[in-house]
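So the structure is just underneath, and the comments pick up after that.
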Amino acid sequence: QPNEKYRNHRKQISQYIDGLFNNHGRVLVLRMDFSYRADFYPRMTLIKRHRDTLIRYLRDQQQGFLGFIWRMEYGIDKGYHLHTVILFNANQVQRDIRLGLVVGKYWNEVITEGNGLHYNCNAHKGSYRDCGIGEIHWEDSDKRASFERAALYLAKPDPLLEIVRTLEVEHLTTQGHYELSNKVENSRVFGLSQLNEIRGVRLGRPRGR
C-alpha cells in the first residue's frame, strides 16, 4: 500500500537522523541530485548499478562518510534520476560545496563514463527558504528540523516512476527477459545506507535527546 509504505519510509528517515545525531556532534549534510545527459536513456538496472557504485565510492574513498539516503524518480525530461542526502562527519570534512563538486565530477566522468549530470544543492543555499544543509550541530534544533523536513521529502512516492517501471517490466517480459524483468519489478526505489562509525572510530560522545 503506497500510503503505508510512505509512512514507513518517513519513520525510517526520522530514526536514521536520530541515530546520526545520537552518535555525532556535528554533521555535514550534502544534498545532491544525480541524473544523465538528455541524449542518454538508462534502464532502471543501470541507474541501480551506478547508485551502488556511488555508495561504494563514498564509503571507500571519501573521508568522514557517514551515510546515504536516496530516492529514485522518473521525470519526463530527465528520465531516471536520484535525489540524495549524503552525510559526513563535520569533524573530518568542512568544505561542503567543494566536496559536492568532487563527488559530482566522479559521478559525471567516472561512474557514468561521461553520461552523467549532477546538481549540488549546497552550492545554492541562498535559494532555499528552509535550508537544512551544510554543517549542522546536534544542539541546533531549528537547523536539524529543516534538515529532517528536507530528508523526509525523499520518502514521497513517485507515481510516474511506477508507471514507467510497469511498462519496462512488460516490455522485458514480452522480449523473454524474465530474470531482468523480475529485477526491475523488485527493485527498491528508496533506501538508507547503514550508518558508518568512521572506519571503526567514534568521534564525540553519544548524544541524548
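The values are calculated or read from the model by the stated rules, or taken from the named source; none is laboratory data. This structure is a prediction, so every number in the text was calculated from the model and none was measured. Every residue, glycine among them, receives a Cβ derived from its backbone with ideal geometry; neighbour counts consider all protein chains shown. Accessible surface is based on the protein model in full, side chains and every heavy atom, while ligands, DNA and RNA are left aside. Shrake-Rupley method; radii C 1.70, N 1.55, O 1.52, S 1.80 Å.
Look at residue 122 and say whether it is at negative phi, under 17 Å from the mean Cα position of the chain (by Cα) and not in a loop (DSSP other than H, G, I, E, B).
Taking the combined requirement at face value, the residue satisfies it.
Residues checked against (1) of a type outside the set (Val, Ile, Thr); (2) under 18 Å from residue 26 (Cα atoms); (3) in contact (Cβ under 8 Å) with a residue 12 or more places away in the chain:
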| residue | (1), (2), (3) |
| --- | --- |
| 132 | yes, yes, yes |
| 140 | yes, yes, no |
| 146 | yes, yes, yes |
| 158 | yes, no, yes |
| 162 | yes, no, no |
| 167 | yes, no, no |
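For the range 38-73, filtered to residues that are among the basic types (Lys, Arg) and within 22 Å of residue 163 (Cα to Cα), the residue that is most open to solvent (accessible area, probe 1.4 Å) is 49. The listed residues are 135, 139, and the only one of them that is assigned to a loop (DSSP other than H, G, I, E, B) and of a type in the set (D, E, K, R) turns out to be 139.
The single condition among (1) of a type outside the set (Lys, Arg); (2) farther than 18 Å from residue 185 by Cβ; (3) in contact with a Lys or Arg (Cβ under 8 Å, 6 or more places away or on another chain) that residue 62 does not satisfy is (3). Entry remark, the range 74-128: residues being among the hydroxyl-bearing types (Ser, Thr, Tyr), out of contact with any strand residue (DSSP E or B) (no Cβ under 8 Å at 6 or more places or on another chain) and either open to solvent by 80 Å² or more (accessible area, probe 1.4 Å) or at pLDDT below 90 (or both) number 2 in total.
Right, residue 17: under 21 Å from residue 92 (Cβ atoms) and either surrounded by 13 or more Cβ atoms within 10 Å (Cβ to Cβ) or not aliphatic (A, V, I, L, M) (or both) or not? When the stated conditions are applied, residue 17 passes them.
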